Amino acid sequence: MKNSRRWALRGVVLLYVGVLVGLPVLFLVLKAFSHGLGAFFAEITRPEALSALKLSLEVAAVAVPVNTVIGVGAAILVTRHHFAGKRFLDTIFDVPVAISPVIIGVALVLAYSRIGWFGAPLATWGIRVLFTPLGIALATMAVSLPYVLRSIVPVLLEIGTDQEQAARTLGAGRLRVFWHVTLPSIRWAVMYGVTLTLARTLGEFGAVLVVSGNISGVTQTLPIYIFDSWDQRFDVLGSYAGALVLALMSTLVLAVLALLRRRERKLSVDLA
Amino acid sequence: MSISLKHLTKHYNTTAAVDDVSAEIAHGSLTAVLGPSGSGKSTLLKLISGLESPDEGTVVIDGDDVTKLDPRYRDIGFCFQHYAPFRHMNVAKNVGFGLKVRKRSAKEIDARVRELLALVKLEHKAKSYPAQLSGGERQRMALARALAIEPRVLLLDEPFGALDAVVRAELRVWLKELHTQLQVTTVLVTHDQQEAMEVADQLIVMRSGRVVQSGHPLALYERPSSSFVHEFLGPTTIFAGEVIRPHDLELVSIYEGTHKGRITRIVLLGFEAHVTVELSEGTTTWIQLSRNELSKLGLRVALLVGVRRRGDLDD
Amino acid sequence: MSPAPSSWRRWPSRLSLPLLAGGGGALIVSYLSLIVLIPIAALVSHGLSVSVRTNGTGLEFWRWHVSIGLGAFWRAVTAVGARKAIWLSLWLSLSVASINAVMGVAIAWVLVRDRFIGKGLLEASIDLPFALPTIVAGVVLLALYGADSPIHVDLFETWMGLMMALLFVTLPFSVRAVQPVLASLDPEIEAAARTLGAGGVRTFFLVVLPSLWPAVLGGFGLAFARAIGEFGSISLIAGGIGRTTTASNYVYNLTQGFLWNDAASVSTALLLISLFVLISTGVWSRKYQRRTL
């Protein structure tokens, strides 16, 4: 490629990404610490902020393992077995990501709250979904559904069944094959999917907003807290501080993702 | 269009893939560049085509120094080992690509494509896509595509390497016939010495980036300049302290042979047989002979035999 | 004395697979129903005012009478606010997906084929909009492009502001859809085009781009679906109800007003649009893939 053309393309791309992504990030960092480190820490240690963080982490502690197990199970089912409706199953996983989180929130409310289908029967068992952490958990599980599955499926397809069949001819039972052969080979892909799920879980906003009712100290996750700070209380600094904490967590996630991607590349090169 | 290569050198990192290579390729000839993996033969071809540029040396095609010229303008046709088909175009569009780039009229392109498809016997596949063709058909398409632009020189980089043995043999014959018909200067890179011997009228043997010997295939086979060439171009075995071709030995009775030994193994390979003999002095040699000879001599394992050079008489 | 495996030892493992797979499958299906199928069904049912009357006993479903109230649906969807919001979301998403389709290819090209100091930073920053929570993006984008902007632009309550947010959020989809395909392109094909006389630009448009096309379409579909549903990052910069209310914002406003059925109706409409786009880009890209593989 001609040198001038290469530089032109490079320039356009760097400018675009720099303005679109770099600028906001830089700005966030500057703004969060604009009133000094002390004010930053004061903000993030407020009781409402801390309880929001706690709720976010608790929800993640439920949503991530559940979606991981489901994702791994479904991946194996989809890649190693044939049954009617396989395609349908596969497509359902993509639905929550393809539609607006607000719609998911509305759908959950219309299914499980008192104005919906199962709200009344559930209430008689003492289960309330709207305005509760349970509802938030459901919403979060829904929006972070397919990440583990989508990370694993291509890997499972690529490595094929050869290793598993070899293990079976050597006498291993199916469970042993799964635990000692299949799982280790998708280790990195699972981690990648878990990381994505975690990121989505911590950051989910729209669906949770609809389901939670935004009750401070009870049903506020960290993203809701950030929104609330800005929108309702005009607490700009509080908002920035919370946003930065979340952003830092996301950056950590990003770093892990990048590391995992490099690991995976190295692994696939070794196998080639 | 003759090709003249002078002192071509190309380094990758610190190793010289091509090291001071000079060669003359006659107009209209079919030259095979033969060598083991890593000998630099593919790199040499890329240098001729312009897909790589040399660190030193010149490439002259038909009197024009093209060393600094982009491959687009060198008027060469190039065929790759894995055919490099344009997957989203059908066979006709693939073959016509070079002409489309040269802005020929649709009518002209159509006529030429039809002509070439008839030449490579792919007329019935004109509307098919590469994914629907067999390996051999894909390579024939690639050849037609390269020939469409009427190149001065045709370069083939291990063109039959990815095909199975039967198809390979067929295409070898077909290529030779095509070359006789078209008389385009052709350079073929291969690691298969049988292919080179069968098809080429000039052979260049390379090793570790250098030319080891070049000339007519039979001349190299019968008068190799080094043991490497000797062993690379055909089977060899050691007898009476020297390296010799197994078919230059014959099996006779113990009294007639210059050396005696015991047959340890007989392998039957279709038309020919390989007989391994452990000689009395401890060394092992093998003899290549036809099945007829084998059955006439009535040989079996553990038999004591005499071995001598063919054409050797006891006098 | 040969230790032939006794048939009874083989029996459990042959049976355990169907049990395991069946049990696992049932679990997965139940989970999916709980989380996705039932809620979506409830949504569509409320949105289209589906009501089921059972004549006779409940189990005789050939006697069920299902009625769909399209009237209410239509009214909700064609309300002035809804129409404007849906239209806004549609053209915004189409524009954003298109812009990022082009830029996605350019960025993927630089990431795959170019080499320079700091390329790693570029690579990582592509993932940032994906990993960043939408509300964080919303806060930052508003602060950067809003009324008190340090770079002296005011995109609060403007379409441009919405576009900046959507371009930010959909960037990773467009790039990552194309990047792996570009990376695995056979270099021999471009070399072949070169030997046949094509220069850089021609080779790109005649040979490279057609191979990338299925991936570009796929990326377009993903970016569009994401953009049309995006909420968190644009909710702040969109400001109050007005010209910059997108479809998801409109639905949210309806829920705040407890107009759940209307919210369901508009949501159903949006759902259908998203599904339509996803399916059609999927079909298109698969058609191309079949030919080029």
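Between B:Asn292 and C:Val153, the modelled label-to-label distance comes to 8.9 nm, taking each label 7 Å out from Cα in the direction of the beta carbon.
Around the Cα centre of the protein assembly as shown, unit charges on the Cβ atoms of Lys, Arg, Asp and Glu (plus for the first two, minus for the last two) sum to a dipole of about 2100 debye. Mean residue ellipticity, 222 nm, helices only, chain A: the sum of -39500 (n - 2.57) across DSSP H runs of n ≥ 4, divided by residue count and rounded to 500, is -24000 deg cm²/dmol. From the P(r) of chain C, could you give the percentage of C-alpha pairs in the tail past 22 Å? Of the Cα pairs, 71 percent sit more than 22 Å apart. Computed on the Cα atoms alone, the convex hull of region B:195-315 gives a volume of 134 cubic angstrom per residue. The H on the amide N of B:Arg207, modeled in the peptide plane, is under 5 Å from the matching H of B:Val212, each at least 5 residues off or on a different chain.
Rg/Rh for the protein assembly as shown (Cα atoms only, Rh after Kirkwood) is 1.09. Temperature 37 °C, viscosity 0.692 mPa s: under these conditions the Stokes-Einstein estimate for region C:74-190, based on its Kirkwood radius over C-alpha pairs, is 200 µm² per second. Between the listed residues A:Val97, A:Pro184, A:Tyr147, the Cα displaced farthest toward the positive end of the dipole of region A:92-236, a dipole computed from Cβ unit charges relative to the Cα centre, is found at A:Pro184. Distance from the Cα centre of region C:137-202 to that of region B:1-75, in angstrom? Using only Cα atoms to place each centre, the spacing works out to 42 Å.
If you keep only loop residues by DSSP, which chymotrypsin sites (Phe, Trp or Tyr not before Pro) in region B:184-263 have at most 15 other Cβ atoms within 10 Å of their Cβ? Please report the intermediate quantities before stating the final value.
Numbers: sites: B:Tyr221, B:Phe228, B:Phe232, B:Phe239, B:Tyr255; in loops: B:Tyr255.
When the chymotrypsin sites (Phe, Trp or Tyr not before Pro) of region B:184-263 are filtered for loop state and at most 15 Cβ neighbours within 10 Å, B:Tyr255 remain.
Global dimensions of region C:182-232 from alpha-carbon coordinates: Rg and Dmax equal 15.5, 51 Å.
The mean count of C-beta atoms from other chains within 10 Å of the C-beta of residues in B:98-105, rounded to a whole number, is 3. Look at the stretch C:181-193: the mean tally of other chain Cβ atoms within 10 Å of its residues' Cβ atoms is 4. For the options B:Ser29, B:Ser53, B:Ser227, a Gaussian network treatment of chain B with springs between C-alpha atoms closer than 10 Å singles out B:Ser227 as fluctuating the most.
Springs join every pair of Cα atoms under 10 Å in this Gaussian network model of chain B, and among B:Gly35, B:Gly261, B:Gly298 the largest mean-square fluctuation is at B:Gly298.
What average count of beta carbons from other chains do you get within 10 Å of the Cβ of residues in C:22-32?
Other-chain Cβ atoms within 10 Å of each residue's Cβ, averaged: 5.
Of the two radii for chain A, the radius of gyration is 1.05 times the Kirkwood radius, both from the alpha carbons; that is the Rg over Rh value.
Applying a threshold of 28 Å to the alpha-carbon distances of A:Lys2/B:Lys103; B:Lys68/B:Lys127; A:Lys2/B:Lys107; A:Lys31/A:Lys54; B:Lys68/B:Lys107; B:Lys10/B:Lys100 flags B:Lys68/B:Lys127; A:Lys2/B:Lys107; B:Lys68/B:Lys107; B:Lys10/B:Lys100 as lying beyond it. Taking A:Leu252, A:Leu26, A:Leu198 in turn, the Gaussian network model of chain A (Cα-Cα springs below 10 Å) assigns the largest fluctuation to A:Leu26. Annotation note: GluC sites (Glu not before Pro) in region B:215-290 located in DSSP loop regions with a Cβ neighbour count of at most 16 within 10 Å are B:Glu256, B:Glu281.
Values quoted throughout were computed directly from the atomic coordinates according to the rules given, and no laboratory measurement underlies them. The structure presented is a predicted model; accordingly, all values stated were derived computationally and were not measured. For neighbour counting, all protein chains shown are included, and Cβ atoms are generated from backbone atoms with ideal geometry for every residue, glycine included.
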